[in-house]
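Chemist: Mind looking over this structure? Questions follow.
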Amino acid sequence: MRSALAALALLALVPFSAFAKTHTLADAKVTFDAPDSWKVEKDEGMTAVGNEADDAGVVILTLDAENIDKGLEAAAAELEKLVKDPQPSGEPSEAPIGGMKAMLASATAKVDGEDVKVDLLVLESKSGKFLIGIGITKKSSKDASESLKLLKSFKAAAN
C-alpha cells in the first residue's frame with residue numbers, strides 16, 4: 001500500500017481545476033462531496049482531495065478489514081505516517097454517517113513542525129469495505145472546516 005503522505009504530495013502536482021461536487025469511490029460503493037475548487041486525485045484504493053493552497057485536504061483509503069475496530073487500528077497506523085505528536089481531542093465518537101457504521105476522532109498534531117487539526121474517520125461501507133479518511137488542515141487555513149465536512153458527507157452510492 002502506498003503511503004498516505006505520498007498521496008498528499010500528489011495534490012501539489014495536480015493542476016488546479018474545478019471538479020464536480022459529488023465524487024464516487026466505486027470499489028467501496030460510496031460517494032462524497034468536496035468543494036468544487038478542490039483537487040481530486042484517485043489512484044488504486046487511495047483518493048487524495050485538497051484545496052488549491054495545499055493547506056487543507058483529506059486522504060481516503062479503501063481496505064478490507066474484519067470489523068470497524070480493525071479498521072481503526074489500520075487508520076491509526078496510516079495516521080502515524082502523516083503526523084507527529086498527535087494529541088486526541090476527546091474520545092472517538094461512534095455514529096452513523098450516511099446510514100453506515102462510522103467512528104470519528106479528532107486530534108491536534110504537527111506536520112513539518114506546523115500545527116494542524118486532524119480528523120480521522122473509519123467507515124464501514126454497505127459493500128463490506130472499510131474507508132479510512134484522514135483530514136489534515138493547517139490551523140491558518142481558510143478552509144478550516146471543509147475537511148471535516150467532506151468526511152461527514154459520505155453516502156452509499158446508487159447502484
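The values are calculated or read from the model by the stated rules, or taken from the named source; none is laboratory data. Only a predicted model underlies this, so the values are computations on that prediction, with no experimental measurement involved. Methodologically, a virtual Cβ is constructed for each residue, glycine included, from the backbone with ideal geometry; neighbour enumeration extends over all protein chains shown.
Chemist: Under 6 Å by Cβ, and 6 or more places apart or on different chains, what pairs join a residue from segment 139-159 that is touching a residue at least 60 places away in the same chain (Cβ under 8 Å) and within 30 Å of Gly113 (Cβ to Cβ) with one that is in a loop (DSSP other than H, G, I, E, B) and of a type in the set (A, V, I, L, M)?
Modeler: Once the first residue is touching a residue at least 60 places away in the same chain (Cβ under 8 Å) and within 30 Å of Gly113 (Cβ to Cβ) and sits in segment 139-159, its partners that are in a loop (DSSP other than H, G, I, E, B) and of a type in the set (A, V, I, L, M) give Leu150/Ala34.
Chemist: Let me ask another. Suppose we keep only residues that are of a type outside the set (A, V, I, L, M, F, W, C) and closer than 20 Å to Lys101 by Cβ within segment 48-73. Which one would you say is modelled with the highest pLDDT?
Modeler: Thr62
Chemist: Please work out if Val111 is among the β-branched types (Val, Ile, Thr) and over 15 Å from the mean Cα position of the chain (by Cα).
Modeler: Yes, satisfied.
Chemist: Being in a loop (DSSP other than H, G, I, E, B) and without any contact (Cβ under 8 Å) to a residue 40 or more places away in the chain is the filter here; which residues of segment 34-66 pass it?
Modeler: Asp36, Ser37, Glu52, Glu66
Chemist: Just checking, which of Ile132, Ile136, Ile97 is β-branched (Val, Ile, Thr) and farther than 20 Å from Leu82 by Cβ?
Modeler: Just a single option satisfies the conditions, and that option is Ile97.
Chemist: Restricting attention to segment 137-159, and to residues there that are of a type in the set (A, V, I, L, M) and within 12 Å of Ser106 (Cβ to Cβ), which single residue is surrounded by the fewest Cβ atoms within 10 Å (Cβ to Cβ)?
Modeler: Leu148
Chemist: While we're on this one: Collect the residues in segment 120-136 that are under 14 Å from Asp27 (Cα atoms) and crowded, with 24+ Cβ neighbours inside 10 Å, keeping them in residue-number order.
Modeler: Scanning segment 120-136 gives Leu123, Phe130, Leu131, Ile132.
Chemist: Name the residues in segment 47-101 that are under 21 Å from Asp33 (Cα atoms), of a type in the set (Gly, Ala, Ser) and surrounded by fewer than 18 Cβ atoms within 10 Å (Cβ to Cβ), would you?
Modeler: Ala53, Ala95, Gly98, Gly99 - these are the residues of segment 47-101 that are under 21 Å from Asp33 (Cα atoms), of a type in the set (Gly, Ala, Ser) and surrounded by fewer than 18 Cβ atoms within 10 Å (Cβ to Cβ).
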